[in-house]
Amino acid sequence: MTGRSKKRLVRTFIRQRRKGLWRIFEAAIALFCLLVTHQSVWVYFQDLSARLRQSYPNPTVWITPASPTEPVDPQIYPKPSFQVGQARLALRGFAPPNKPVNLIINGIAAGSDFSYDGKLNFYDVKLRRGANEITAYLWDPARQASLPTNEISSPQIIYYQPAQLLPPRFLGMLLDEDGRVVVLGMADPTSRVFIHDERHPDSMAVWVDPAGFFQYTLAQAPQTPVRLHAVMSASSPEQVGQSLQESILISAEALQSYGRLALDRRITLTIWEDQRYELQAQARLPENTALREWVEQDLINAEEFAEEFLGIRLVPWRVATEAKRQDFPKITEDGITLKISGDIPETGQWLEFSRANALNQFPLASSDDTLRVELLAAQHAKLLHDPDASSELDSSQTYVWYGGALRKFSDNRLLDIRNSAVPALHVSGAPSPDEPRGLVPQLTYLQNLIPRKVAHILEALLSAIPFLWLLWILRSRAGEERTGFHQMLYAVTMTFLIFHLALLCLPVFSVSLGFVAPLLSLFSVEDDVVQTVTAVGQVYPFFAIGIMLFFRPLYYAYLQRRGAPTWRKRVIKQLQRWLVFWPLAVIVPAALFYILVRMRQETSSVRFDSSLFDNFLLGAGLFGIVGMLTFWFFLYWFIRIGLGRSVSAGTSIKVSWAMLLLPLVPIIIEAGARFLRHLITEQFQTYPFFIPPRLDSFVWSLIITAVGAILFYQIANLSLRLSQHSASLRFWRSAKIWWLVPLFIMISLPMRYLAGAERAASDAGDLQLLASRIDMLLPYALLIGLLSFLRKSNPHDRFDLQAEAISIGTILFAYYLTGRTANLLFVPFPLLVGWLIFKRWVLVSPATAGASAASLSASELVRRLLDCKQARRLSDNLRNSLEKKYTQGDLALADMQKKIAESQEHLVKTQAALPAGEMAAKRQIFGHGPEPGPWANAKVAVKYGIVLSIPFQISTLGNIFQNQQFENYPLLQFLGSLLFAASSWILMAFVFGYFFHMIRGRDGFAKAVVFAIALLVPTIPQRLIFSQPLLQQGHLIQIVQIFAYVLLLALIAFDLRTLRKLGFSWRELLTVHGFTTITAYSSSILLATLASLSGKDLIPLAKNFIGWLIGIQTGP
C-alpha cells in the first residue's frame, strides 16, 4: 500500500468517526428536547390539576360553614379560604350515611356527629383569630381508628377576622451574633403592624405570624436611646378603625439586661428507665394576647404550645400505636403550665428547637429561660450540644442550660433519645458505631454513598450485558451472510435493548437536571427558575407509554435491511435537519420552559389577578397544541438519526399523541367529576355519592391494563418467533390466541388498587412500575433466542462447535447461572469469575476432550473395560485372601507368590486389551454422552433435569416468596419468581448437556464434579457482596443441592443411559466406576439431597405463598 492510499484510508476513517460522533450528538439533542418538551407540558398539566383539586375538592366527608361567607382577600391571607366575623359558628356537611364523623379544628378534636341520612351538623364551633384549618374523617368505633378511605375531607380554611383587635405589645429586645438589635413583640394575628422609628419619618410594615408574634431588626445598636412605636391598624373595614399603639425604648442599659424579654420559660425533660419521657414546662404569657386567648379557651394543645411559645419539640411526640389523647396547657397562679408524657418509639426520638415563628428564631433567648434535661436512662440518650460556660452540669445525668446559652446554636437537634430495644441511632456528623471493617464491607459502604439514581443507572447498564453480548456475537458474523433467523434475532435483541435503555434514559435525564439546579443557585438565578428545573427533572412516567407502543414498530424497523440512501433522500434529510429540526430544538423547549416559569411565578405569588394565569385554560391549550405539533418530530428524528432506522411519520404522530393525550384522559375525567360533585353539593345541598371519589385512579387502571396487555402480547409474539417452534407459531396465528388475552390482562392488573387496599391509588407511577417489571422479564425472552441460536449455529448437531456457540454458552453460564447483576462498586465480579472459570477451566479443546481413534466398538470396549475392572477386583481380593492365609500359616510363601503372579498376569492381559488404557477407554465410552450430538444430549439432560429439579425448584421458590413483599402486580411477581426458579435448574441441565463433551473430565461423574465446582466458585464473591456468611447453613445447603443435582443428572441421564444403549445395566455402571455397592454412590447423593431440603416445612411455605399472592404479608 502506497503512502497516498494510507493517508486516504486514514482520512476516510476520521471522517466516518466524525460523522458517527455528530449523529450521536444530534440524537442526544433530539432526546433531550423530546424529554424537556414532554416534561414542560406535563409539569404545567400537573400544576393545573393541583389547582383544580384545590378549587374543587374531592372529599369523602365535606364540611362548609352553615351561614353565608365571603372569600378572604388574598392580600390578607393568600390561600383560598372563607371569612367569618364571629368567634363561634355552625358547620354543615355531608358524609356517607350511617357513619360517625369526627371534626378536627387546628389538630384538636372539636366534636362528632352521626350521618344518619348523609347530613352533618356541628354547632357552637370555636375559632381562633386568623386562619383555622378544619378537617373531618370517618370513624370506626370498633377499632377506635379512622376508617380507610380513598381521600379524607380536604382541609377547609376558615379565616376568623374579629371586629375587636388585640393591642400590640413589645416583649423585649436582644442582640444577635452579628450585633444587630432584634425587637420582639406580639399583636393580633389578623392585624397589620407598622414600626415607627423616631429617627426616620416613614413607618415600616412588619409581618405578624399566625401565632401573633412579630420581629423588627435594627442594623446596629443606637448610640443614644431610641424609642420605637408599634402602630397597629385594622386590616378590614369591619374592624375597629382606631389605631392601637405601643412603644419601647432601646438603650444600652436595656440591651445589657435583655430589655423586658422576660418570659420565664422553665422546661424540664425527663427520660425514665422504662422507655418513657415526661416534659414539664412553666412560663409567663402576657395578658390580652392571641396565644393566651387560645390557652384560656382550649384552642391550642400542649404539643403546639410547646412548639409555638417554648420553641421546642419532640420528634415524634407520640408513638403511632399509642392511644390518642389531648393535653392542654393550663393557666395557674404561676403562669402557664403544661405536662406531656408518652412512650419512646422503638425507632427513637429527638429533642429539637422549633423555629416556627419570630419569637423562636433564637432558641431560649430570654434571660430567665431554663432548659433542664434529666437522663435517668442516660445509656439510651446522646447529647448533641454540651453545656458551655453559661450552663452547668448538676450531675452525671442532668444538664441545665440558662437563657441565652443556646442563642448561637445553629443546629436544631439537641438530644437523641434511643429506645433500648433498638441499636443506637447514628447522628449526622458523628462517626458510625457500626463502621464497616474489611475490604468488601468498606467497598459496599463506598458504593452506598453514590446517589441512588446514579447507582440505578449503572445497575441498569449491567443488566443490559446479555443483549450487548449477543449483539457483539451477531456483529462478528458481519462477513458472513445473515440468514432470516439471524436478522430476526438481531431485530428482537435491538428492540429489547432499546426498551431497556429507554427506561434508563429517564433517570439519566433526571440526574442531569438534578446537577443543573444547584449550579443555577450558585449564580443567583431566581428561585422560581430553579424550582421549575427541579420539577422538570422529576420525570413523570408517561414516557413509558411511548416505549410500550413503539415496541412493534421498532421490531419491524430493525427487521428490514438498510440500503444505501439516494441523493434525493440525503438532500431531504439535510433540509429537515437545518430548516426544521435545529430551529425547533432551540425555540420550542426554551419557549415552553419560559412560559412555564412565568405561569408558576404567577401561581405562587399572592396576586391571582394576572391575565397570564387567568387564561390557564388558554395556557393548557397552548401547551397541548405545541406539544402535539412538535413532540412527534423530536421522537421521529431521534429514531431516524439516533437509531438509524426508518419509522413512518404517522407512527411517530400516533405514539407521541398517545403519550400526551392518554395521561390527560384521567385528569379530564377527574376534573369533570370534581366540578359536577361541587356543583351538586352547592346547588342541591346534598352529596353525590353515586360519583366515585377517585375516577382518575379507575381510568388509570384501565389504561395501565390495556397498555400492559398489548406489550405482553407483543413480547409473547416475539418470543414465539425466536423459538422457531412450528406448532406454537401455528397456534399464534390461529383464533385460539385470544385465549391468552385474559391472562395478559390479569397479569397487567394493578391488584392492590382493585382489591381496595388502604391508601392504594392507581396512577402513572404504576405504569412505570409495570414497565420496569416487564423489563426484568426480557432476559428470559432473550434466553429463547439464545437457545435457538445454538440450534441454528449447529444444524447437523455435530460435536465440533463453532466459536459463536461457545460464546453463547459462556453467556448462559456466566450471566444466567452465576452472575446476573451482583456487583461490587458496579463491577460484576460473580459474572467475571463465571466467565473466566467457564472459558478457561471448565471447557477444554475438542482434541483434548475427544476420545482417541480406535477400531473397537463401544460395546466391545465396555466389555473389555469390565473385564479389566473385574480382573483388578479379583486380583485385589485374591491378594487379601492369600495374605490372610499366609499370616495364619495355612499357605506357603511360594504358593502365595505363584498365585498372585498368575492373577497379575491375567490383569495385565485384560489391560493390554485396552489399547489406550482405562482412562482413555472411559473417555471414549462416556466422554460424548449417550446421544449423537450436543443438542440431543441437552434435550435428554433437560428431560431428566425437570424431574430431578422439582424439589430444588420448590425450595428456591419458597425462599423467594418468604423474602419478597407484595406489590401492585402479584401475578407478574409470581411469573418472574417462577421463571427464575425454573430456568436456573433447567438451564443448568441444558448447559451441562450441550457442552458435556467439552467439559473437563473422562466420564459423567468427573465432569459433574468439575461443573458443580464451577457453579459454586462464583457464589463466594456473590455472598461476600451481599454480606452473607460463607460455609454456614444457607451456603452449605446451596452447595449440597448443586452437587446432588449435577451428580444425579450425570449418573442417570448420561453414564447410565450410555451403558443401557450399549446393552448394560446399572450393575455394570457400579463396576465401571469402581463402586461395589450402590450405597457408596447413590445413597450418599440421596442423603445429601434430603439434608439440603431438611428443615423446610412445606405447610408454612404454602401458607406464606397464599398470603403473599392475595396481599397478606407474612414474615420470612
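Among the residues of segment 53-63, are any modelled with pLDDT of 80 or more and in contact with a Ser or Thr (Cβ under 8 Å, 6 or more places away or on another chain)?
yes
Where the second residue is acidic (Asp, Glu) and not in a loop (DSSP other than H, G, I, E, B) and the first is closer than 12 Å to Ile704 by Cβ and assigned by TED's automatic domain parsing to the domain that holds Gln714 and lies in segment 739-753, which pairs have Cβ atoms under 7 Å and are six or more apart or on separate chains?
Pro750/Asp766
List every residue pair whose Cβ atoms sit under 6 Å apart, with the two residues 6 or more apart in sequence or on different chains, where the first one lies in segment 498-526 and is over 17 Å from Ile639 (Cβ atoms) and the second, anywhere, is assigned to a helix (DSSP H, G or I) and of a type in the set (Ser, Thr, Tyr).
Ala517/Thr534
Which ones in segment 341-362 are β-branched (Val, Ile, Thr) and surrounded by 20 or more Cβ atoms within 10 Å (Cβ to Cβ)?
Ile344
So for segment 418-430 (the condition being in contact with a helix residue (DSSP H, G or I) (Cβ under 7 Å, 6 or more places away or on another chain), modelled with pLDDT of 70 or more and among the hydroxyl-bearing types (Ser, Thr, Tyr)), does at least one residue qualify?
no
Could you grab me the full set of residues in segment 829-838 that are within 27 Å of the chain's Cα centre (by Cα) and either crowded, with 24+ Cβ neighbours inside 10 Å or under 19 Å from Ala1012 (Cβ atoms) (or both)?
If the condition is that a residue be within 27 Å of the chain's Cα centre (by Cα) and either crowded, with 24+ Cβ neighbours inside 10 Å or under 19 Å from Ala1012 (Cβ atoms) (or both), then Pro830, Leu831 are the ones that fit.
Quick one: Leu679 ticks every box in (1) farther than 23 Å from Val43 by Cβ; (2) at pLDDT below 75 except a single one, so which number is it?
(2)
Out of Leu817, Leu786, Leu782, report the one residue that is within 28 Å of the chain's Cα centre (by Cα), crowded, with 19+ Cβ neighbours inside 10 Å and not assigned by TED's automatic domain parsing to the domain that holds His997.
Details: Leu817 fails: not assigned by TED's automatic domain parsing to the domain that holds His997; Leu786 fails: within 28 Å of the chain's Cα centre (by Cα).
Going through Leu817, Leu786, Leu782 in turn, just one is within 28 Å of the chain's Cα centre (by Cα), crowded, with 19+ Cβ neighbours inside 10 Å and not assigned by TED's automatic domain parsing to the domain that holds His997: Leu782.
When the residues of segment 174-196 are narrowed to those that are assigned to a strand (DSSP E or B) and modelled with pLDDT under 85, which ends up surrounded by the most Cβ atoms within 10 Å (Cβ to Cβ)?
Looking at residues that are assigned to a strand (DSSP E or B) and modelled with pLDDT under 85, I get Leu174.
Which members of segment 909-932 meet the condition of being in contact with a Lys or Arg (Cβ under 6 Å, 6 or more places away or on another chain) and farther than 14 Å from Asp867 by Cα?
Met919, Arg923, Pro930
For residues in segment 841-869 being part of a loop (DSSP other than H, G, I, E, B) and closer than 24 Å to Arg1000 by Cβ, which is modelled with the highest pLDDT?
Here the residue is Val844.
Pick out the one residue from Leu291, Leu338 that is part of a strand (DSSP E or B) and crowded, with 22+ Cβ neighbours inside 10 Å. Working first, answer last.
Working: Leu291 fails: part of a strand (DSSP E or B).
Result: Leu338 is the single residue among Leu291, Leu338 that is part of a strand (DSSP E or B) and crowded, with 22+ Cβ neighbours inside 10 Å.
Need pairs with beta-carbon distance below 9 Å; first residue under 25 Å from Ala921 (Cα atoms) and within segment 1002-1024, second assigned to a helix (DSSP H, G or I) and charged (D, E, K, R); sequence gap 6+ or separate chains.
Pairs that qualify, where the first residue is under 25 Å from Ala921 (Cα atoms) and the partner is assigned to a helix (DSSP H, G or I) and charged (D, E, K, R), are Arg1002/Lys922; Arg1002/Arg923; Asp1003/Lys922; Asp1003/Arg923; Asp1003/Asp1055; Gly1004/Asp1055; Phe1005/Asp1055; Ala1006/Lys922.
Take the residues in segment 682-705 that are hydrophobic (A, V, I, L, M, F, W, C) and in contact with a helix residue (DSSP H, G or I) (Cβ under 6 Å, 6 or more places away or on another chain), then tell me which one is modelled with the lowest pLDDT.
Ile691
Name the helices (runs of 4 or more DSSP H) wholly within segment 439-536 that hold at least 2 residues that are at pLDDT 80 or above and of a type in the set (Ser, Thr, Tyr)?
Answer list for segment 439-536: 484-522.
Across segment 443-463, what is the number of residues that are of a type outside the set (Val, Ile, Thr) and without any contact (Cβ under 8 Å) to a residue 40 or more places away in the chain?
4
State whether one or more residues within segment 653-663 are assigned by TED's automatic domain parsing to the domain that holds Leu35, over 25 Å from Leu695 (Cα atoms) and modelled with pLDDT of 80 or more.
yes
When segment 649-672 is examined, which residues are found to be under 14 Å from Leu34 (Cβ atoms) and touching a residue at least 60 places away in the same chain (Cβ under 8 Å)?
Within segment 649-672, Val655, Ser656, Met659, Leu660 qualify.
Given the conditions (1) surrounded by 16 or more Cβ atoms within 10 Å (Cβ to Cβ); (2) at pLDDT below 75, report the number of the one that Lys79 does not fulfil.
Status for Lys79: all satisfied but (1).
Gln724 versus (1) out of contact with any Ser or Thr (no Cβ under 9 Å at 6 or more places or on another chain); (2) at positive phi: which is the lone unmet condition?
Answer for Gln724: the failing condition is (1).
Exactly one condition in (1) surrounded by 12 or more Cβ atoms within 10 Å (Cβ to Cβ); (2) modelled with pLDDT of 65 or more; (3) closer than 20 Å to Gly672 by Cα is false for Gln39; which is it?
Every condition holds for Gln39 apart from (3).
I'd like to know if segment 980-988 contains one or more residues that are farther than 30 Å from Gln447 by Cβ, assigned to a helix (DSSP H, G or I) and not small (Gly, Ala, Ser).
Yes: one or more hits.
Looking at segment 967-1018, which of the residues that are surrounded by fewer than 18 Cβ atoms within 10 Å (Cβ to Cβ) and among the charged types (D, E, K, R) is modelled with the lowest pLDDT?
Checked segment 967-1018; the qualifying residue modelled with the lowest pLDDT is Glu967.
The values are calculated or read from the model by the stated rules, or taken from the named source; none is laboratory data. Every value quoted in this text rests on a predicted model; they were computed, and no experiment measured them. Heads up, the Cβs are rebuilt from the backbone with ideal geometry, glycines too, and the neighbour counts pull from every protein chain shown.
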